[in-house]
C-alpha cells in the first residue's frame, strides 16, 4: 500500500474525513479515559494521520518525557506500517518527521501563558507553524475554564485542529448532561467533539465512544475501537 | 595466580566534563594507597592528578585518553578505566565501556544531568553496563542532590534510588547518612581518611526514615525475602544490599550515592558500593563471534582453564614504547605465550606483561579472565582480538561511526613532515574514528574525524608529543554523492592509435543501494565479457566512486549491475574494460538523478528557558529541524537536527545569544540530501576549484 491508500483506508476517516488534498478541519476535540487505557496511543495515531496527510503537528506533552513521546511515534508508526503493509516506510517516516515537533513541560511548571509564549516563539520566528495541535496530559482540574476559552480562541485564529486528552477518575461520579465525566463536565460546551475511551466487556476491546460532535464530520456512536494488545484504532 | 573472580571489579568512571571524575579517581587512588599525596587537576603544585597523564590534559584540566589503573580495596581488586567526558571523544568512551563490567556515573550536584551525561548514559545502555551514580560536589553553592536524583529518573529514565543522604549541604557538608545501616558517617583526619560512625543527627532522622522506606520499596522488588522482612519491620543491611545488588546488576536499579571528592567526603563508602553492588566479571555474559563457524555467537566463560580470548582496547605510545591495553575475557595469558591476532592472522609473543597504574606500572607473570593488563611491543590496532591458537573467535565488532569533518594539514618543514607521519600512524591505530589520507589532486594530507574538537586535540598532540609543527586548512564537511533512481548504461571504450588497440563494451544499470556504499552484481551470461575481465569492470566502477561527477565527493549507496557487453579477441584487455567501466559509470550516474548528501548532526542546546526562543531561531537559521523542546527545572533543552556545515562557529553565536549561559552538544546522526539551492552552490564551487587547478 502507498501513502495515499493508507490515508484512504485509515479507520480514522470515520472521525476525520479527508479534506481534498489533506488540510485540516478546525476542531477542538477531547479524548477522555481512565488512566492507562490508551489516550496517548490514540492521540499519536491522530497526529500521525494528520502528518501523513501533509500537515504540521505540534505535540505538547505535560508530565511525560521527551524521549518517551518520541518512542510512542516510532512504535505506532511501525505498527501502522505493518498493518497497512506500507511501501517505502523509511522514506515516508523521514518525510513526515520534520513536520512534527514535540514540546514537553513538567506538570508543575506548565501554564497557559508559558504555552502561548512558546507557540509565539515558534510562529513569529517562522520556525514552525502547526496545523494540528495535540495536548497530552493537560490538567483540567487545575487549569480552569478561561484557559480553554483562550485556547479555543487560539484554535480559531490559527485555524487549528486540536485534540486534548483528559483523565477521568473512578471515584469521581460527576457527569455533565451530555455524559461527559469530571473533570471536564463543566466545560464540555467548549469542545466540538468528545470521545470517551471505554473498555468493553471482558476487555476484548476498547470502544471509542463519540458522545458529541458538532462539526458534522462524524456521527456519534461507537464507530471505532482500540485493540487492547496493540492499542491500534480499528473500525468497530 | 588463581584468584577469586568474585573479588574483581572492572569499572569505569564516566561523566560530564567538569563533574570531577579525575579528582574522584585521584582520591580513590589515595585511599587505596596507590598514591601517597593528593594533587588537583588544575593543581598549583604542577604535578597534576595521576590519571591525567598527558600534558595536554593537564593544561586543559580535562581527561582525553582513558588510562587504566589498578587498585585494591577491602580485599577486592579494582581496575579503573578513566574515561573522557566530551562527546567528541565518544569512541574513547565507547571503547572503554566495552571492557567494563560496571560503571560509576558521576554527576555534579549543581549542574545535574546535562546533555553529555545523557549521551554517556545512552552509550552505557548500549553496552549493558550496570551503573551506580555518585552525586559529587555536594559542597558547592547550589548543591541539590535531590534534584539530581530526580533528573536521573526523568532525564535518563533510570530507576534511581538514594542509598545515602548528605549531612548538610554546600559549605556545611559534614558527612553522609548511610540508609542501609542507618548510621551517620563523618570523614576526619587531614585527608578524610578516618571514618567515624555515629548516630544520625536528630534533625535528619525523619528524612532518613522516609528515604529508607523508599529504598526498601524499590529494593524489595528484587528480593522476596526483603519484601517479607520489610513488612515485618526486620530487614537486615545484608538483605538490603543483596537486593540492591540484584537490581543493579540486572540494570533495573541505579543506587545513588552522594559526597564531595574534593572535600574528601563519601569516597570510601563509594568504594564499598563498588564492591557490594557492581558485577564481577563472571556476572557478565560476554559474547564473541566464532569466525570458523559463520560468525556464530559464543558465550565466553570467565574461566582460567578455557582457551584464551582477549581484546586490545587501547594503544598508547608512552615513554616506554607502545603499550597495548588488554581485557582478558577467558583463559589465562602468561609471559612467553604465543597468541594469534584474529584480524591479521599473525602470531605474537607475550613479552612484558604489566599492570598499569596511570603512568607507572608493575610487572606481572600472568593474568587471567576478568583482568585488565597491558602488553609491550605488540603490533596491533585497537579493537583487535587475540586468542589462543586453537580457537578463532573475534569479540563482536565495535560500533564505529563515520567521520564527518576533515581538514588539510601542512607540515612546516621536513622534520615536521617526518614527525607528522609518525604521529598520524599512531593516532589512526589508537582511534578508529580518526582517519587520514593524501588527497591525490592537491597532494595535501587530510585528517578526518568526529568533530572540530576531536581534530583540534590531535593537532595539539601532534605538536606537543611529536614536535610536529603543522599548519591547518579550514575544516571541510564530508559531503557525499549518491543516486536516487535506476539508470541504464551502455558504454564502449575504443582506442586505436597505432599498435595494440583497446576495446571493451560494458552495459547494465545502476540503482540506489539502501544499505552499504557499493555493490557489484555480475549478471553476464554467455561470456560476452570474458570471465577474466569481470574484476576489471568492478575495479573501474570502484575507481569511479572516489570522485563523483557532481562536485567531486565520494559516491556511496550505489549498486551496479552488468548484464551485457562485448569484447575483441585482440584489443580487449584489463585496462580496456576498466576504462569502459569508468565511462559506463559516468554515463549511468548522470542519468540516475545524482544528489549531494551531507552529514546531519543531532544537536542539543541546554540553557535557561528565557533564551529558548532565540536558541530555536538560531538553529532554524542554520537549516536545523527542531525536533522538540523539553524542560529541566529552570532550563530548557532544544533538540534539533542541523547540517554540520552550518554548525561551524556555533559556540560563539550561542555564547553571545545567551550571555554564555547555554551549552550545546552534537553528535553525528545521519547523511541526508542537501537542499537544491545549497547543492547548486557546492557544485559551482567545485567547478571553480576545478578550473583553477
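Relative contact order for the range B:140-277 using alpha-carbon pairs under 8 Å, separation at least 6, rounded to a whole percent? Before the final figure, lay out the partial values.
Details: 199 pairs, mean separation 34.3, N = 138.
RCO, the range B:140-277: 25 percent.
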Label point distance in nm, residue B:543-residue B:194, each placed 7 Å from Cα along Cα→Cβ
8.0 nm
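Using 0.36 nm times the number of residues separating residue B:563 and residue B:591, minus their current alpha carbon distance, what extension gain do you get? Kindly include the intermediate steps, with their values, before the conclusion.
Working: separation 28, 0.36 × 28 = 10.08 nm, distance 1.78 nm.
Length difference between fully extended and current span is 8.3 nm.
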Extension reserve of the residue B:456-residue B:221 stretch, reckoned as 0.36 nm per residue once the Cα distance is removed:
79.8 nm
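What number, rounded to the nearest 500 deg cm²/dmol, is the helix-based mean residue ellipticity at 222 nm of chain A, given -39500 (n - 2.57) per DSSP H run of at least four residues and division by all its residues?
Working: 6 runs with 75 residues, N = 236.
Computed mean residue ellipticity for chain A: -10000 deg cm²/dmol.
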Residue-averaged [θ]222 nm for chain B, counting only DSSP H segments that reach four residues, each worth -39500 (n - 2.57):
-8500 deg cm²/dmol
Consider a paramagnetic label point 7 Å from the Cα of residue A:82 along Cα→Cβ; state which residues of the range A:215-236 have an amide N under 18 Å from it.
A:226-235
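Among rounded, prolate and oblate, which fits the protein assembly as shown when a ≥ b ≥ c are the square roots of the eigenvalues of its C-alpha gyration tensor, a/c under 1.5 means rounded, and a/b larger than b/c means prolate?
Taking the square roots of the gyration eigenvalues as a ≥ b ≥ c, the protein assembly as shown is oblate.
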Report, in whole Å, the centroid distance computed from the Cα atoms of the range A:156-178 and the range B:234-292.
46 Å
May I ask what percent, to the nearest 5, of DSSP beta bridges between residues of the protein assembly as shown are antiparallel?
70 percent
Using the Cα gyration tensor of the range A:3-235, with a ≥ b ≥ c the square roots of its eigenvalues, what is the shape: rounded (a/c below 1.5), prolate (a/b larger than b/c) or oblate (neither)?
rounded
What FRET efficiency comes out for the pair residue A:175/residue B:172, r = Cβ-Cβ distance, R0 = 60 Å, nearest 0.05?
0.65
Sites residue B:531 and residue B:126, calculated FRET efficiency, Cβ-Cβ separation with R0 45 Å, nearest 0.05:
0.50
Roughly what would the spin-label model give for residue A:186 and residue A:222, points 7 Å off Cα along C-beta, in nm?
3.1 nm
Segment residue B:690-residue B:574, length gained on full extension (0.36 nm per residue, minus Cα span)
38.8 nm
Degrees separating the helix B:205-219 axis from the principal Cα axis of chain B, which is the longest one:
50 degrees
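Once the Cβ-Cβ distance between residue B:381 and residue B:523 is put in as r, and R0 is 35 Å, what FRET efficiency do you end up with, to the nearest 0.05?
On the way: r = 37 Å, r/R0 = 1.06.
Efficiency at R0 = 35 Å is approximately 0.40.
Does the range B:228-372 classify as rounded, prolate or oblate by the C-alpha gyration tensor (a ≥ b ≥ c root eigenvalues; a/c under 1.5 gives rounded; else a/b over b/c gives prolate, otherwise oblate)? Please report the intermediate quantities before stating the final value.
Values: a/c = 2.87, a/b = 1.60, b/c = 1.80.
Because a/c hits 1.5 or more and a/b fails to exceed b/c, the range B:228-372 counts as oblate.
With the contact rule set at Cα under 8 Å and sequence spacing of 6 or more, what percent relative contact order holds for chain B?
After rounding, I find 9 percent.
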Let me have the relative contact order for the range B:117-182, percent, based on Cα pairs under 8 Å that are six or more residues apart.
26 percent
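Bear in mind these aren't lab numbers, they're just calculated from the coordinates by the rules spelled out. All figures in this text were calculated on a predicted structure; none of them were measured in a lab. Counting neighbours? That spans all protein chains shown, and the Cβs are built from the backbone with ideal geometry, glycine included.
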